[in-house]
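Okay, so here's the structure we're looking at.
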Protein chains: 2
Amino acid sequence: MSILDPPHTVLTVGARLFDDALAAQGVETTAVDWRPPPPGTAGALATIAGDPRAAEANRVAVERMASARPEVVGIITAADAFGIGGTQFLHAGPPITWDRASGPLRGAIIGGLLFEGLTATAEAAEGLGPSVELQPCHHHRAVGPMAGVITPSMPVFELHDTVNGTTAYSTLNEGLGKVLRYGAYGPEVIDRLRWMRDVLAPVLGAALARMGPYDVRAMIAQGLQMGDEGHNRNRAGTSLFLREVVGELVEVGAPPSDLSAVVRFIAGNDHFVLNLVMPCAKAAADAARDVAGSSMVVAMARNGTDFGIQLSGTGDRWFTAPAQTPKGLTFPGFDDDDVNPDIGDSTITETYGIGGMAMACAPAIVRFVGGSVAEAVAKTMSAYEITFTESPHLQMPTLDFRGTPTGIDAARVVRTGIVPPVNTGMAGRVAGTGQVGAGLVEPPMDCFVQAALALAESVPVPPSPGWQ
Amino acid sequence: MSILDPPHTVLTVGARLFDDALAAQGVETTAVDWRPPPPGTAGALATIAGDPRAAEANRVAVERMASARPEVVGIITAADAFGIGGTQFLHAGPPITWDRASGPLRGAIIGGLLFEGLTATAEAAEGLGPSVELQPCHHHRAVGPMAGVITPSMPVFELHDTVNGTTAYSTLNEGLGKVLRYGAYGPEVIDRLRWMRDVLAPVLGAALARMGPYDVRAMIAQGLQMGDEGHNRNRAGTSLFLREVVGELVEVGAPPSDLSAVVRFIAGNDHFVLNLVMPCAKAAADAARDVAGSSMVVAMARNGTDFGIQLSGTGDRWFTAPAQTPKGLTFPGFDDDDVNPDIGDSTITETYGIGGMAMACAPAIVRFVGGSVAEAVAKTMSAYEITFTESPHLQMPTLDFRGTPTGIDAARVVRTGIVPPVNTGMAGRVAGTGQVGAGLVEPPMDCFVQAALALAESVPVPPSPGWQ
């Protein structure tokens, strides 16, 4: 049999041109998805690989993140947590100004102005928009889902990690549909936010105080055993949290109608604990910051215009690129054109190794974002290619209790061309719309390229060998 | 290379004698677990296979069971549900008398006498034991986990299936540890049962009345998406049920201390909804009864001494054999010798196609019963070999949303030698002990052999061909 005789299976690596040409001739091919590192990165990757500090730096960074055990310690106001007031608002993602803000972020700022009573109408609020002082949640040890707008009088969960000494914050989850974080600002949105501030926060805060510190990592670990992945599916976690806190809730002495409303609000929102999972991941990732020489990703976040990442070894510097638009399933009445580019701090879950990184343990989510079970497993398997280790605490039963892929290595992302898998809610492009669907999205490779180049620049030049 | 030259892999089928002999000579073998049908069954299997009614009968039986959608409609007393009083007690499994009862059943009867206030001491109760009128729960459209003792003043859940018009009952779950159903009867057991009757039942009953009918099949379906298998793991189902009912619970106007105790009791018991899952399965299985010619199993139940099954085509007749002893993990302080033979009506879950039959969707349970994930998947795959269909309503995400194996065919069990996989709690052998562990157990093949023989006898003899 000659090598030219059919049938053969041809393995094609990298560029699809050869694969396509063979396929056009009826030849069976198996295409291996491999790309050479982007032009201009080879030197930086070599420098990073040759940094004598790297191995220990990455070991320290990932160990800190993986060992974190953040607990909810209470609910306080954003003003107290962040020292903000007036029109000082926080937002998701890397820094941005009103003029570059997308529809959902502008919508949430408008809603925030109305919620704070700083103006009476949406039109007036829109006029005030450019004067709002915007700062990223991440600059205040906080994370906010979607638009992530936090205004001074909002209540926020406070989490503390006694292992590493970090603290993190997030708002309370509003539920789905027309909600501020998706850019909606109608009266029902504002009324709900005020009820959350005036009733939910004090009642739940009193229950949390009675209960004592609540171990969020343990809740996530249980949730992963029960079909959650911690980003777009938190049904199990929410159910477990409610079971844990409900005995305290009924004992805080709240007026019966308030108690009933609080219990029904939490019980009715499958995403309630997303706003505990996110600050848990934030507290863990922050513990890994500022290890010189580490290429580990400590933040991935989107403001609806830009996607930004930060590395442990490059301090507070953001590496940004235009946010991509998620692909998935839109709700009835919406289509792909209605979807805003990727938005929110919720990619802190993927930074921590759950969410899209752990989709293998949440087969039920794949239908929600328009995929298959095999695709979900493939996403998680790809994540192992770009991470330093496997979590000793967060395990996936469907992968025979393998630990979640933990500690994204920006250098390996650049070298392999594999970006961290992310699943996400989709916000309407137009301010005021709300959620229009859910899907998958790819972080832009350029963020990782820039980060690798910057990290390489920080590697000390070895002293030249002397002759004396 | 001669056929006599090593190495070879030898496939051995059936009896292990040949396999063992080869293995002893260092030959690598792969043993296929196949057994010929037990002696004396070939004729009966041929008769059943040749019954012209069989295909339609089995189609009708399995369709009724699979279509059932039982709902909780309320809580009533056992006296009202079953018309029992005084020392008329129900028990799990096929019929049995005190003299043949095992330790845990005797312990539960002693506890029942104390609970009803029919005697003041355990010693006196033991003396009264032989005079208690025992009847199987199954004879009263009821099911009880483990000892399954139901006494007249106990509260029971009432379920109704509007699709097929069946009704089923079960007690309220006591939690784990020292509890009546495991044969414990100490003061804490009796006090808890009285609190359940006097506080839990009226408060929860009032909440259920406010809520309206509760769809148990939908809860099971959700639980299977969240790592439950419905028999030994009901953590998700319990969490979801509590989320559903808690809004009503806080609004029934119960005294705060009672509300608190009720909420904490349900929230603190991962097995609370086992006693909803079981009567749901019972109502579904009962819908499939009495279809002439059907070899479908409609009950599997154990009384701690005997394992018994019933077929759709053989009416109320029990086919029994000695119950086997479960193998698994015992709690600290106990070992295999402390384990009582298999006990309880909870095998109604396997009859319905969940529990051990659906272990593939509950990887987390396999560690609890001492197995591996691969074994759990293998158990479910084996169950497909002996069932008529796959549930259109109950799906397993880990098997790519395949429906649970539904409708056990007693004839196929006999023909293949595969018995339905069962997982179970393990009761202490000595009356008063309580739970000592959890594990796996095999229903005795002889039950299925007897049932097949009886079904074959019921097949009408075809008229002999005439000559006129």
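The values are calculated or read from the model by the stated rules, or taken from the named source; none is laboratory data. All values derive from a computational prediction rather than experimental measurement. Cβ coordinates were reconstructed from backbone atoms using ideal geometry, including for glycine residues, and neighbour counts include every protein chain displayed.
Which residue, of B:PRO420, B:PRO363, is in contact (Cβ under 8 Å) with a residue 60 or more places away in the chain, more than 14 Å from chain A (Cβ to nearest Cβ) and not β-branched (Val, Ile, Thr)? After ruling out the rest, the residue left standing is B:PRO420.
Here the condition is being assigned to a helix (DSSP H, G or I) and at negative phi; of B:VAL163, B:VAL156, B:VAL189, B:VAL252, it holds for B:VAL189 alone.
For A:GLY212, the criteria (1) away from chain B (no Cβ under 14 Å); (2) surrounded by fewer than 24 Cβ atoms within 10 Å (Cβ to Cβ); (3) in contact (Cβ under 8 Å) with a residue 12 or more places away in the chain; (4) of a type outside the set (Lys, Arg) hold in every case but one, which is (3).
Restricting A:ALA376, A:ALA438, A:ALA411 to residues that are surrounded by 23 or more Cβ atoms within 10 Å (Cβ to Cβ), small (Gly, Ala, Ser) and in contact (Cβ under 8 Å) with a residue 24 or more places away in the chain narrows the list to A:ALA411. In segment A:215-261, the qualifying residues are those that are among the β-branched types (Val, Ile, Thr) and within 10 Å of chain B (Cβ to nearest Cβ), and the one that is nearest to the chain's Cα centre (by Cα) is A:THR238. I'm checking my understanding of the structure. Among residues of segment B:369-383 that are farther than 30 Å from B:LEU453 by Cβ and in contact with a strand residue (DSSP E or B) (Cβ under 6 Å, 6 or more places away or on another chain), which one is modelled with the lowest pLDDT? Among them, the one singled out is B:GLY370.
On inspection, A:ALA168 fails the criterion of being among the small types (Gly, Ala, Ser), in contact (Cβ under 8 Å) with a residue 40 or more places away in the chain, crowded, with 19+ Cβ neighbours inside 10 Å and not in a strand (DSSP E or B).
Filtered by the rule that a residue be in a loop (DSSP other than H, G, I, E, B), away from chain A (no Cβ under 14 Å) and surrounded by 20 or more Cβ atoms within 10 Å (Cβ to Cβ), segment B:262-295 gives B:ALA287, B:ALA288, B:ARG289, B:VAL291, B:GLY293, B:SER294, B:SER295. Return yes or no: is B:GLY328 surrounded by fewer than 24 Cβ atoms within 10 Å (Cβ to Cβ), in a loop (DSSP other than H, G, I, E, B) and at pLDDT below 95? Spelling it out, it is not the case that B:GLY328 is surrounded by fewer than 24 Cβ atoms within 10 Å (Cβ to Cβ), in a loop (DSSP other than H, G, I, E, B) and at pLDDT below 95. Residues in segment B:370-394 that are of a type outside the set (Ser, Thr, Tyr) and within 14 Å of another protein chain (Cβ to nearest Cβ): 8 in all. Evaluated against (1) farther than 26 Å from B:ASP400 by Cα; (2) not assigned by TED's automatic domain parsing to the domain that holds B:PHE401, B:ALA292 falls short on exactly one condition, (2). Only residues that are touching a strand residue (DSSP E or B) at 6+ places or on another chain (Cβ under 6 Å), of a type outside the set (Lys, Arg) and within 14 Å of chain A (Cβ to nearest Cβ) were counted in segment B:395-415, giving 3.
Matching residues to (1) in contact with a Pro (Cβ under 9 Å, 6 or more places away or on another chain); (2) farther than 16 Å from B:CYS447 by Cα:
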{"position": "B:ASN340", "(1), (2)": "yes, yes"}
{"position": "B:ASP345", "(1), (2)": "yes, no"}
{"position": "B:ILE354", "(1), (2)": "no, yes"}
{"position": "B:ALA383", "(1), (2)": "yes, yes"}
{"position": "B:PRO392", "(1), (2)": "no, yes"}
{"position": "B:GLY407", "(1), (2)": "no, yes"}
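Scanning segment A:175-200 for residues that are out of contact with any Lys or Arg (no Cβ under 7 Å at 6 or more places or on another chain) and free of Cβ contacts under 8 Å to residues at least 40 places away in the same chain turns up A:PRO187, A:ASP191, A:ARG192, A:ASP198.
The numbered conditions (1) touching a Gly at 6+ places or on another chain (Cβ under 7 Å); (2) polar (S, T, N, Q); (3) over 23 Å from B:ALA284 (Cβ atoms) are all true for B:THR389 except (3). Take B:LEU128 and decide whether it is out of contact with any Gly (no Cβ under 6 Å at 6 or more places or on another chain) and in a strand (DSSP E or B). So B:LEU128 does not fit the description; no. Here B:GLY175 qualifies as assigned by TED's automatic domain parsing to the domain that holds B:VAL273, at positive phi and surrounded by fewer than 21 Cβ atoms within 10 Å (Cβ to Cβ). Of the residues in segment B:84-91, not one is under 28 Å from B:VAL297 (Cβ atoms), in contact with a Lys or Arg (Cβ under 7 Å, 6 or more places away or on another chain) and surrounded by fewer than 23 Cβ atoms within 10 Å (Cβ to Cβ). Scan segment B:334-347 and give yes if some residue there is of a type in the set (A, V, I, L, M, F, W, C), touching a residue at least 40 places away in the same chain (Cβ under 8 Å) and surrounded by 24 or more Cβ atoms within 10 Å (Cβ to Cβ), otherwise no. Scanning segment B:334-347, I find at least one residue that is of a type in the set (A, V, I, L, M, F, W, C), touching a residue at least 40 places away in the same chain (Cβ under 8 Å) and surrounded by 24 or more Cβ atoms within 10 Å (Cβ to Cβ), so the answer is yes. Taking the numbered list (1) assigned to a helix (DSSP H, G or I); (2) modelled with pLDDT under 95; (3) touching a Pro at 6+ places or on another chain (Cβ under 9 Å) in turn, A:GLY26 passes all entries but (1).
So that you can scan it fast, the table gives a plain yes or no per residue for (1) in contact with a strand residue (DSSP E or B) (Cβ under 7 Å, 6 or more places away or on another chain); (2) of a type in the set (Ser, Thr, Tyr):
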position: A:GLU385; (1), (2): no, no
position: A:THR424; (1), (2): yes, yes
position: A:VAL430; (1), (2): no, no
position: A:GLN435; (1), (2): yes, no
